[in-house]
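Let me begin by presenting the structure, written as structure tokens, before commenting on it.
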Amino acid sequence: MLIFYRGDWLPYCNGQLASYARMWNRFEAAGVALAAISVDPVENNRAMVDKLLLPFPLLSDRDGVVIREWDVFNQVENDIAKPAIFGIGRDGTISYSYIGLDYTDRPPADELFRGLEEVTADGAR
């Protein structure tokens, strides 16, 4: 699962990532690996991993190259990512996607796991 988040400065992003850390056992049981990406520098990501005790990596895309490639770049709001989640099978297919309409828009946990079940149900984990 690839998570695009706006930055460490936004409480909604902190809350989302912290909630995924609390649900880590559920992700592991489903066979889902997580990584999150933002334009934040590496130092900010390290601090956020430590602060929120995240068991998954935060990746830095300072220039927004990856964020643009996934078409979730939000140029209107300071060149950051739109909140988005993609469930990617081992074969590279995208079986789940959620792109938030605004900075508060994140999928509820039940919807997220239903979508991830679709990714893993075909054996493409």
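The values are calculated or read from the model by the stated rules, or taken from the named source; none is laboratory data. This structure is a prediction, so every number in the text was calculated from the model and none was measured. In this analysis, Cβ positions are derived from the backbone assuming ideal geometry, glycine residues included, and neighbour counts consider all displayed protein chains. Remember, those area values only see protein heavy atoms, side chains included, never the ligands or the DNA or RNA. Shrake-Rupley method; radii C 1.70, N 1.55, O 1.52, S 1.80 Å.
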Which members of the range 101-116 meet the condition of being within 18 Å of Trp24 (Cβ to Cβ) and among the aliphatic types (A, V, I, L, M)? Ala109, Leu112, Leu116
Taking the conditions exactly as written (aromatic (Phe, Trp, Tyr) and in contact (Cβ under 8 Å) with a residue 60 or more places away in the chain), does Trp9 satisfy them or not? no
Considering residues of the range 53-84 that are more than 26 Å from Glu111 (Cβ to Cβ) and open to solvent by less than 60 Å² (accessible area, probe 1.4 Å) only, the residue farthest from the chain's Cα centre (by Cα): Gly64
Could you tell me which of the residues Asp105, Asp40, Asp50 is free of Cβ contacts under 8 Å to residues at least 40 places away in the same chain, exposed (fewer than 12 other Cβ atoms within 10 Å of the Cβ) and out of contact with any helix residue (DSSP H, G or I) (no Cβ under 7 Å at 6 or more places or on another chain)? Asp50
Subset of the range 102-121 that is acidic (Asp, Glu) and outside any helix (DSSP H, G or I) - its residue that is nearest to Ala35 (Cα to Cα): Asp105
Identify all residues within the range 13-39 that are closer than 15 Å to Val72 by Cβ and in a helix (DSSP H, G or I); write none if there are none. Cys13, Gln16
Can you find a residue in the range 87-101 that is crowded, with 18+ Cβ neighbours inside 10 Å, free of Cβ contacts under 8 Å to residues at least 24 places away in the same chain, touching a strand residue (DSSP E or B) at 6+ places or on another chain (Cβ under 9 Å) and over 17 Å from Ala35 (Cβ atoms)? yes
Quick one: which of Gly115, Gly100, Gly31 is among the small types (Gly, Ala, Ser) and touching a Phe, Trp or Tyr at 6+ places or on another chain (Cβ under 8 Å)? Gly115
